[in-house]
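See structure below.
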Number of protein chains: 4
Amino acid sequence: MPIPLILDCDPGHDDVFAIWLAAGDPAIDLRAITTVGGNGRLSHTTYNARVVTELAGITGVPISPGAESPLVRLLTPAESIHGDNALGGPRLPVPAREADPRTAIELIRDTLDASAEPVTIVATGPLTNIAMFVRLHPDRLSRIRQVVWMGGSTGRGNITPYAEFNSWTDPEAAAIVLGSGLPFTMIGLNVTHQVLATREVVAGIGAIGNRTAAFGVELLHFFNATYETDQGMPEGPLHDPVAVALVARPGLVTTVRARLDIELHGTETAGATSVDLLGKLGREPNADVATGIDVEAFWKLLEKAIRALA
Amino acid sequence: MPIPLILDCDPGHDDVFAIWLAAGDPAIDLRAITTVGGNGRLSHTTYNARVVTELAGITGVPISPGAESPLVRLLTPAESIHGDNALGGPRLPVPAREADPRTAIELIRDTLDASAEPVTIVATGPLTNIAMFVRLHPDRLSRIRQVVWMGGSTGRGNITPYAEFNSWTDPEAAAIVLGSGLPFTMIGLNVTHQVLATREVVAGIGAIGNRTAAFGVELLHFFNATYETDQGMPEGPLHDPVAVALVARPGLVTTVRARLDIELHGTETAGATSVDLLGKLGREPNADVATGIDVEAFWKLLEKAIRALA
Amino acid sequence: MPIPLILDCDPGHDDVFAIWLAAGDPAIDLRAITTVGGNGRLSHTTYNARVVTELAGITGVPISPGAESPLVRLLTPAESIHGDNALGGPRLPVPAREADPRTAIELIRDTLDASAEPVTIVATGPLTNIAMFVRLHPDRLSRIRQVVWMGGSTGRGNITPYAEFNSWTDPEAAAIVLGSGLPFTMIGLNVTHQVLATREVVAGIGAIGNRTAAFGVELLHFFNATYETDQGMPEGPLHDPVAVALVARPGLVTTVRARLDIELHGTETAGATSVDLLGKLGREPNADVATGIDVEAFWKLLEKAIRALA
Amino acid sequence: MPIPLILDCDPGHDDVFAIWLAAGDPAIDLRAITTVGGNGRLSHTTYNARVVTELAGITGVPISPGAESPLVRLLTPAESIHGDNALGGPRLPVPAREADPRTAIELIRDTLDASAEPVTIVATGPLTNIAMFVRLHPDRLSRIRQVVWMGGSTGRGNITPYAEFNSWTDPEAAAIVLGSGLPFTMIGLNVTHQVLATREVVAGIGAIGNRTAAFGVELLHFFNATYETDQGMPEGPLHDPVAVALVARPGLVTTVRARLDIELHGTETAGATSVDLLGKLGREPNADVATGIDVEAFWKLLEKAIRALA
Ligand SMILES: [Ca+2]
Ligand SMILES: [Ca+2]
Ligand SMILES: [Ca+2]
Ligand SMILES: [Ca+2]
């Protein structure tokens, strides 16, 4: 039976592939998409989610906008990576389908309530929405099977030397979700920086030959170009779909059980994800932290999902 | 025309008097009560709100529970002041009326939407609910006339040397509301410590002679006893109704326009409310900060309101 | 037998009166003066110490310059209070006497080593020198009877809402000295703001009729003028000599034993002195904190000392 | 002409090899050794410096003890790596030579004053001594050619997930030295973790055949054993001599010019060295940061130096 899943995201080039993987992979039953301010303003990330689901022929998945801005800090969209509209590169067709009238919080609540079994949440943006859900509906947490988050790093960051963008954008939200007791998996840059959109990868996706793949190739060309300029990486790392892949194919991503703490108070390191891989701090492990990935299997999984779309 | 008002509170002895003042004063149109974890656990503060409205004959005011715990930090109920159930002293009658099925956030939203004019929010607990409303419904902020908060201090605190309990409990929430652009008034310990439940005050309330007043006297006896033990103040300061009084009788509480910043990162001073009364920091003023009160007029106002209740 | 004393200071108008009180009061045996960057740059505070000792006929007291800047933070001289040269107002005569060739640390060490009994250190500036001495000569700490510091506050500050200038300038130094185990007394704004240079006080000093007094009156005119502009206090508080008075006349300043912690990490409150007067934090008391003063006795003491000078 | 050098260290197994490299390499003129509390208490690190210089036949190099403890924080010796006496493994011969009677600060000052040309400081422990020298003798900084520090990391740490031991032990000292304007080079774990005491390395040193080498082999056996237990690295990284090698053989260690900031305020990341390798923060570069090393050339250099000793 496919795994019921809510995808909370801020599309964003790599979020788009996460949506497509969640919708196209038969192991996943994508029940809802919620959006958050992150890579771009909420208006853009919500619009982009509508665009890329419609373009890929994904139907029956409601999309609700969530938080415009992080809990405590100011939003700084990642324009140097994702462009002004959070989805630079291709011309965006005007989507016919509207967003769901419910808020993200309401959509998550209703989706959980409507499910016979606990639902997995994959989050590929700042954790603002999930944190607010945790505080607003603590009685519903038992209906969430786990939270799988693309964010953080066991090593260096990308937006500051030690912080990854999603974590840096809303570290307080990450701390809330982590502290909620929900089963929590972190997939950080230490793993996603292995998933690079090489020439071969882009060619492989292009060879799929459908509308979704063609749009995806345009996204990757833009993404690789900005990653080269901004991060010195001519082959951009496709972070977000890794979180979906971990759910879809157990074993594809390797994790270790470890203590994870979010730095909330540093002046240089706010949002750093402190992962005690050596167990030196003497604190209870509280997260599964990704440490490895079968890169080839990942790309095959993603290609197959895109092939199943429009 | 009476001022439409939502009271967000954590009863708590002094919150009770805030409820009664808001319900009994003809200048106020109390539209909704929302509760938050603070002086006690949410289950207690919600229960207490039900008890003291029913006991006082207050009808037609929905009561909805909000956040169980602060946004980022852990809740430590003020048991040394308010007792195990947040309302130590009198025997609490079992209330017949239930809480509203909506969450606090939903009740605030519906109350704002149903009002022809902007609604004032008086908050007499940690600002968790209001902060979540700000992040969930930024489009509704124009329907809020102002936020008047009992919390903080321009001088010393009460729970730590420099932090007042409401601010210390959820400083991030206070920072969110303060940063939202909503007109914001802070009524801190520097003013509320002038509003002491002296022997004469207690006698005056007792002389009102109705059920509400009798219950109020029992509350004050308990409150004065714990304040003596915990804070060395044998006459407890009745903080919360001051915030309602400021709305009900313009001029009764004096304020100055000043810069207010909430300390989020100190190890000794988290939750301290830094009020730049001398304007030395060169930052834009962002709050009205209470600096004085007509104590005699306050007690008269409160007595009159209690007299109007059951 | 007079109390052997080292005065560590940053003159500064009020430091001058501390020097004069320490030199002119027969209960004190002023052995050394060390200077620090604070109210002004080290070059100014050292020069000023030379000026005001020579002018007052104080001989045989070596003066050594210490730290130019705080340990970790940048120095911001208090020019709005003390003027460009840290001693605005009177024309400064060029002193004949040179500073001692030893550093402040060396002078403190030698003074301690030369004393048959433990020596009291009164510090009336940032605690940078004393902190460095603590770290450089931990084996000499038993030769220090106590450290009496003018700095901090149990309530509001003066340079930021919650921090006093000396503490704000070098909070890490204050934490080092406080953590050294040396007996530590803090005399903060809560007390020194009672010691105001009123018209009567200035007239009384003027009436002494010697050169030192005349110079002192000029200092106070300048000091009162800048305090009015900068702090809204037309009668400036003469902070620093209170620390000397506490040593010279036991009982003149009242203290309580309490827990004192220095805020090192706050963004709004760095340097705040958190004094747990209610004993709510459950930590071991570590300081004597001034809470009261006999103001009349203080001024008499100071006048008498000035009368004894040139 | 050999490069005049002061070595400030906390021996510690790897510090010993730094001493030997500095003393045995003809490109270096080792003028003074100063010790600091770090890997062990000051009494141990000073004793160990005496032991290993005498054992290696190093004469004419004064050794002075400096700071017992970090500036602001408490010392936690690295006993799990270096043992109870900071030099676990070999039996330590009782040294005949005494420490110099001067403090470390005095010895550094005198060494600088006695040198016709600026002197390089290599620091292989917490920067406490150098920070105090900076604050005590700002007029002498022009006599220091550069500070080369083994400490920090561009990636993960060793004592906490993001902090290296020397930096974590005294982050404030690191910030002081970094902010002093002295030319500053950081050699962090990202490089020193490439310098592993493999079986071949240990055998190579053993084959030298003199007393120093034999003692060194004993040190490495202990070091490798504790590194395996504590850090999961069966071949311990010989951090400290890399800093000497950088001075002795320009080009052996590769560096980049970058912005370096020390985290002073984080709760999880205090002491983390934030190195802006991508230049994203828009701050002025302030350090040379090691990014690579010729490992083979390093071991040859070290072997040659040990061969030159007793
Ligand atoms: Ca994303
Ligand atoms: Ca309350
Ligand atoms: Ca002073
Ligand atoms: Ca070392």
(message) For a test of the definition: using alpha carbon positions, the gyration tensor, and the 1.5 limit on a/c, classify the range C:3-308 as rounded, prolate or oblate.
(response) rounded
(request) Obtain the nm distance between the two label points defined at B:Glu200 and C:Ala310 by a simple spin-label model: each point lies 7 Å from its Cα along the Cα-to-C-beta direction. (result) 6.0 nm
(request) Could you grab the relative contact order for the range C:2-119? Cα pairs under 8 Å, six or more apart, rounded to a whole percent. (result) 30 percent
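Using DSSP, restrict attention to beta bridges with both residues in the range A:3-308 and report what percent are antiparallel, rounded to the nearest 5.
Details: 11 of 36 bridges.
Roughly 30 percent of the beta bridges in the range A:3-308 run antiparallel, per DSSP.
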(request) With a Förster radius of 45 Å, plug the Cβ-Cβ distance of C:Glu228 and A:Thr76 into 1/(1 + (r/R0)^6) and report the FRET value to the nearest 0.05. (result) 0.55
(request) Could you compute the FRET efficiency for A:Arg91 and A:Leu182, with r as their C-beta to C-beta distance and R0 at 56 Å, rounded to 0.05? (result) 0.90
(request) With a point put 7 Å past each Cα toward its Cβ, work out how far C:Ala207 is from B:Arg211 in nm, to one decimal. (result) 7.0 nm
(request) Look at the axis of the rotation that sends chain A onto chain C, then give the chain A residue with the nearest Cβ and the distance in whole Å. (result) A:His265, 3
(request) Show the residues, 5+ positions off or on another chain, whose built amide H is closer than 5 Å to the amide H of B:Asp29. (result) B:Ile3, B:Leu5
(message) At 222 nm, what value in deg cm²/dmol follows for chain A if DSSP H runs of at least 4 each add -39500 (n - 2.57) and the sum is divided by all its residues, to the nearest 500?
(response) -11000 deg cm²/dmol
(message) Output wanted: per-residue J couplings in Hz (rounded whole) for the range D:143-158, from phi through Karplus 6.51 cos²θ - 1.76 cosθ + 1.60, θ = phi - 60°, x for Gly and Pro.
(response) 8, 9, 6, 6, 10, 10, 10, 7, x, x, 6, 8, x, 6, x, 10
(message) Pairs of alpha-carbon atoms within less than 8 angstrom and 6+ residues apart define the contacts here; what relative contact order does the range A:32-96 have, in percent?
(response) 44 percent
(message) If each label sits 7 angstrom from Cα along the C-beta direction, how far apart, in nm, is B:Leu182 from its counterparts in the other copies?
(response) 2.5, 5.0, 5.3
(message) How high is the relative contact order of chain D? Use alpha-carbon pairs under 8 Å, at least six apart in sequence, and give a whole percent.
(response) 21 percent
(message) Apply the a/c threshold of 1.5 to the C-alpha gyration tensor of the range B:31-117 and tell me whether it is rounded, prolate or oblate.
(response) oblate
(message) What whole-number distance in Å separates the alpha-carbon centres of the range B:86-161 and the range D:256-310?
(response) 52 Å
(request) Give the nm distances, rounded to one decimal, from C:Pro93 to the matching residue in every other copy, measuring between label points 7 Å along Cα toward the beta carbon; shortest first. (result) 6.6, 8.5, 9.4
(message) For a quick check: with amide H placed at 1.01 Å from N, whose amide H comes under 5 Å from D:Val119's, ignoring anything fewer than 5 positions away on the same chain?
(response) D:Ile144, D:Arg145
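Each reported figure results from applying straightforward, stated rules to the coordinates on display, with no laboratory input. Keep in mind the model is a prediction, meaning the values are calculated, not measured. Here the Cβ is made from the backbone with ideal geometry for all residues, glycine too, and neighbour counts use every protein chain on show.
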